[in-house]
Amino acid sequence: MKISVFHTPELTPSDSLPNCAIAVDVLRATTTMATVLAAGAEAVQVFSSMDELMQVSEDWPADKRLRAGERGGAKVAGCDLGNSPLDCLPDVVQNRRLFISTTNGTRCLSRIQNAETVLTAALVNRAAVVSYLHQHQPETVWIVGSGWEGSFSLEDTVCAGAIVHQLSELPSASLAELAGNDEVFSAVALYSQWQTNLLGLLQHASHGQRLLRLDCHDDLKYCAQTDTLEALPIQTEPSVLKLYQD
């Protein structure tokens, strides 16, 4: 297994796809996706465009859908939810499909949706991602950070590092054997430096600062947790993610 880390979707090769692609948007889309599926949602369907989200979701019964929209960290007017995982309570989401569009995470998924296997990862479900990779051993893996409007983000890179770090501690492969590009080493180094203070790192991150200005302190605390959910979102058709069943 060879793993490559890409800080933003724009940095991924345009002429190839991996056996397994993993989208990461710790603050907050992929954290929300894992949370909503763990809470009993039927599926998550992602959109780059809010107009398309509204149009497609209109075909679903109102009691079977939830519309979640976020731009610039704030909830989009007319949506049921924004992009906070703390709003994804079982009595709200159970047996419903979450139709979601966010500033960065849904753009990342659009870039990799044609890969053979597509997963989403966050710190909260890191162990579930590692378990899947260890069990299935895909030949090539991309971990793609969503970044922020095309720029590097600390939180997505540290999550990529957390995944590779845990894999490298298993007996199957060393870090040197796993690394497909230099970014893997830098991501693992970032995680190694901050693994005991991930909340502190998220508070330093530019998007973390943006969310703090929106009074989303509890969101940061939630997103900084590691291995708290067993839920693994996996793409079952383009742009549709469901709970992986082993």
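Data table
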{"item": "Linear extension gain, SER174 paired with ALA189, 0.36 nm per residue minus alpha-carbon span", "result": "3.9 nm"}
{"item": "Solvent-accessible area per residue, Å², over the chain with all protein chains present [probe radius 1.4 Å]", "result": "41 Å²"}
{"item": "ASN114/THR228 FRET efficiency (R0 45 Å; Cβ-Cβ; nearest 0.05)", "result": "0.90"}
{"item": "Global geometry of segment 27-90, whether rounded, prolate or oblate, following the gyration tensor of its Cα atoms and the 1.5 cut on a/c", "result": "oblate"}
{"item": "Extension reserve of the HIS134-SER16 stretch, reckoned as 0.36 nm per residue once the Cα distance is removed", "result": "40.2 nm"}
{"item": "DSSP-loop GluC sites (Glu not before Pro) across segment 158-213, with at most 12 other Cβ within 10 angstrom", "result": "GLU169"}
{"item": "Per-peptide average of other Cβ atoms within 10 Å, ordering 156-166, 53-63, 206-216, 223-233 highest first", "result": "156-166, 223-233, 206-216, 53-63"}
{"item": "Segment ASN197-TRP60, extension gain: residue separation times 0.36 nm, minus the distance between their alpha carbons", "result": "45.1 nm"}
{"item": "Of all accessible heavy-atom area on segment 1-126, the percent that carbon and sulfur account for (1.4 Å)", "result": "46 percent"}
{"item": "Farthest positive-ward along the chain dipole, Cα basis, beta-carbon charges - from ALA115, VAL188, ALA176", "result": "VAL188"}
{"item": "Order by protection proxy (mean Cβ within 10 Å, highest first), peptides 141-153, 75-87, 21-33", "result": "21-33, 141-153, 75-87"}
{"item": "Share, in percent, of DSSP beta bridges within the chain that are antiparallel, nearest 5", "result": "30 percent"}
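The values are calculated or read from the model by the stated rules, or taken from the named source; none is laboratory data. These numbers were taken from a predicted model, which means no experiment stands behind them. No Cβ is skipped: glycine too gets one built from the backbone with ideal geometry, and neighbour counts run over all protein chains shown. Quick note on the areas: whole protein, heavy atoms, side chains included, nothing else; ligands and nucleic acids left out. Shrake-Rupley method; radii C 1.70, N 1.55, O 1.52, S 1.80 Å.
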